[in-house]
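Student: Provided herewith is a single structure, encoded as structure tokens, for subsequent inquiry.
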Amino acid sequence: MEENSKKNPIILGIESSCDETAAAIVCGRKILSDEIASSADIQALYGGVVPEIASRAHTDAIAAVVERAVKNAGITYQDIDAVAVTYGAGLLGALLVGVSFAKAFAYALHKPLIAVNHIRGHLAAAYLDEPTLHPPFITLLASGGHTAILHTKTETEFELLGGTLDDAVGEAFDKVARVLGLPYPGGPHIERAAKEGKNVIPMPKMLKGNGGYNFSYSGLKTAVINYCHTCTQRGEEYSKADVAASFQSAAIDVLVEKTVFAAKGRGVYAVTAGGGVAANGYLREQLARACEKNGLRLVLPEKRYCTDNAAMIAAEGVTQYKQGNFADLRLTAKASLSLSMTLKTEQNGK
Ligand code: KG4
Ligand code: ZN
């Protein structure tokens, strides 16, 4: 690999791993444009993401979304230095739409192609519009599929300190939402319900003081389900808002505590977070409070850059561009990529 010296490359990012068709233009760390078309409203009717509906929606939307991203950035196609696309993990048919489009685009315009791992995109979101953020720092990854605490050593080197032993935190939010009769995706609905409730229902301890940097969410999820079912069987009404508030504190407090503990343990100056659950207002407040108390700088991506978007894919594209880490036209989509593979540097779709 040959390192690329251009300091602020202009990268087109394309993301289509789930139900958002997104394209963005990033110059270095500056976001020039950011476009999203979502099929979430249609998917919500089915209580989850239907892969075939997602693929068709991406196919319909992608050309217009990319065109809008380029136009709104005030650049021409020729100004783009490389095309970065999510190649995994995600829904295979959905990913293939983005990957095929990016390959055709790169080939037609003679631009380099960069394969981006979706989770690496979530981690790179912290750099967006933050020119002074430099590793080493601690990153909390909290998405629908992953929950982990990482020691980010450089822009391409990560040490996994700990993670979930079973469900991801986002998955727990979605399952608890379903039990409470709230729509998919559950996270934002739980957050809204929790604002009206109180943290008064006892919840399991969540490997709080022990378990190192690991967490477990399946016990918490089962505890919520049992509480709701027991109340229903007894003919007693329960407060959905109190269940939401109690679950949210139990699910988030442990993440905040262990993230700050990791930052102190590694002696780093800053903490970042990424993934859909990092958009949660309670998590953001608690993390801010804990970081302030411990003299740590906290860098949180704006909420819209925590959930799926293409600016984060372009941000990781910038890192890979500087490394000279390009993919070729044999690139194909990968439905699953393990976290350990995700954290390895030389990924690029191979
Ligand atoms: O990172 P993401 O957009 O997709 C991947 O998994 O890669 O994360 C989606 C997850 C879902 O489980 C969703 O319920 C959760 O993030 N989420 C939230 C919030 N917004 C999205 N969880 C809690 N509070 C939120 N405000
Ligand atoms: Zn995601």
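The values are calculated or read from the model by the stated rules, or taken from the named source; none is laboratory data. Note that the structure is predicted; figures quoted are calculated from it, not measured. Positions of Cβ are generated from backbone atoms using ideal geometry, with glycine treated the same way; all protein chains shown enter the neighbour counts. Heads up: the accessible areas ignore ligands, DNA and RNA and are worked out on the full protein's heavy atoms, side chains in. Shrake-Rupley method; radii C 1.70, N 1.55, O 1.52, S 1.80 Å.
Student: May I ask you to list the residues in the stretch 303-322 that are buried (at least 24 other Cβ atoms within 10 Å of the Cβ) and more than 9 Å from ligand 1 (Cβ to nearest atom)?
Tutor: Y305, A310, A311, M312, I313, A314, A315, E316, G317, V318, Q320
Student: Among the numbered conditions (1) without any contact (Cβ under 8 Å) to a residue 24 or more places away in the chain; (2) within 13 Å of ligand 1 (Cβ to nearest atom), tell me where H134 comes up short.
Tutor: Exception for H134: condition (2).
Student: Take the stretch 48-66 and flag every residue that is open to solvent by 30 Å² or more (accessible area, probe 1.4 Å) and either within 16 Å of I10 (Cβ to Cβ) or touching a residue at least 12 places away in the same chain (Cβ under 8 Å) (or both). Walk me through it before giving the result.
Tutor: As a first pass, look at the stretch 48-66 and keep what is open to solvent by 30 Å² or more (accessible area, probe 1.4 Å): 49-53, 56, 59-60, 63-64.
If the condition is that a residue be open to solvent by 30 Å² or more (accessible area, probe 1.4 Å) and either within 16 Å of I10 (Cβ to Cβ) or touching a residue at least 12 places away in the same chain (Cβ under 8 Å) (or both), then V49, P51, E52, I53, T59, A63, A64 are the ones that fit.
Student: Go through the stretch 6-32 and report how many residues are open to solvent by 10 Å² or more (accessible area, probe 1.4 Å), more than 14 Å from ligand 2 (Cβ to nearest atom), out of contact with any strand residue (DSSP E or B) (no Cβ under 8 Å at 6 or more places or on another chain) and part of a loop (DSSP other than H, G, I, E, B).
Tutor: Looking only at that region, the number is 3.
Student: If only one of A278, A262, A251, A244 is of a type in the set (A, V, I, L, M, F, W, C) and more than 25 Å from C18 (Cβ to Cβ), which one is it?
Tutor: Numbers: A278 fails: more than 25 Å from C18 (Cβ to Cβ); A251 fails: more than 25 Å from C18 (Cβ to Cβ); A244 fails: more than 25 Å from C18 (Cβ to Cβ).
One residue alone meets the criteria, A262.
Student: Which residue pairs have Cβ atoms under 6 Å apart, sit 6 or more places apart or on different chains, and have a first residue in the stretch 263-282 that is under 26 Å from N117 (Cα atoms) and a second that is near ligand 1 (Cβ under 8 Å from one of its atoms) and assigned to a strand (DSSP E or B)?
Tutor: Between residues of the stretch 263-282 that are under 26 Å from N117 (Cα atoms) and residues that are near ligand 1 (Cβ under 8 Å from one of its atoms) and assigned to a strand (DSSP E or B), the close pairs are G275/A142; V277/A142; A278/A142.
Student: Which ones in the stretch 35-49 are of a type in the set (A, V, I, L, M, F, W, C) and over 22 Å from L180 (Cβ atoms)?
Tutor: Let us first name the residues in the stretch 35-49 that are of a type in the set (A, V, I, L, M, F, W, C), namely 36-37, 40, 42, 44-45, 49.
Passing the criteria: I36, A37, I42.
Student: Being more than 13 Å from ligand 1 (Cβ to nearest atom), in contact with a helix residue (DSSP H, G or I) (Cβ under 6 Å, 6 or more places away or on another chain) and open to solvent by less than 30 Å² (accessible area, probe 1.4 Å) is the requirement here; does I149 meet it?
Tutor: It is true that I149 is more than 13 Å from ligand 1 (Cβ to nearest atom), in contact with a helix residue (DSSP H, G or I) (Cβ under 6 Å, 6 or more places away or on another chain) and open to solvent by less than 30 Å² (accessible area, probe 1.4 Å).
Student: Let me ask something additional. Please count how many residues of the stretch 33-61 are within 26 Å of A73 (Cα to Cα), of a type in the set (V, I, T) and within 14 Å of ligand 2 (Cβ to nearest atom).
Tutor: 1
Let's see how each residue does on (1) of a type outside the set (A, V, I, L, M); (2) surrounded by fewer than 19 Cβ atoms within 10 Å (Cβ to Cβ); (3) closer than 14 Å to G274 by Cβ:
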{"position": "L133", "(1), (2), (3)": "no, yes, yes"}
{"position": "L141", "(1), (2), (3)": "no, no, yes"}
{"position": "L160", "(1), (2), (3)": "no, yes, no"}
{"position": "D166", "(1), (2), (3)": "yes, yes, no"}
{"position": "A193", "(1), (2), (3)": "no, no, no"}
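Student: Which is within 17 Å of the chain's Cα centre (by Cα), over 23 Å from I10 (Cα atoms), in a strand (DSSP E or B) and hydroxyl-bearing (S, T, Y), of T272, T259?
Tutor: Unique residue meeting the criteria: T272.
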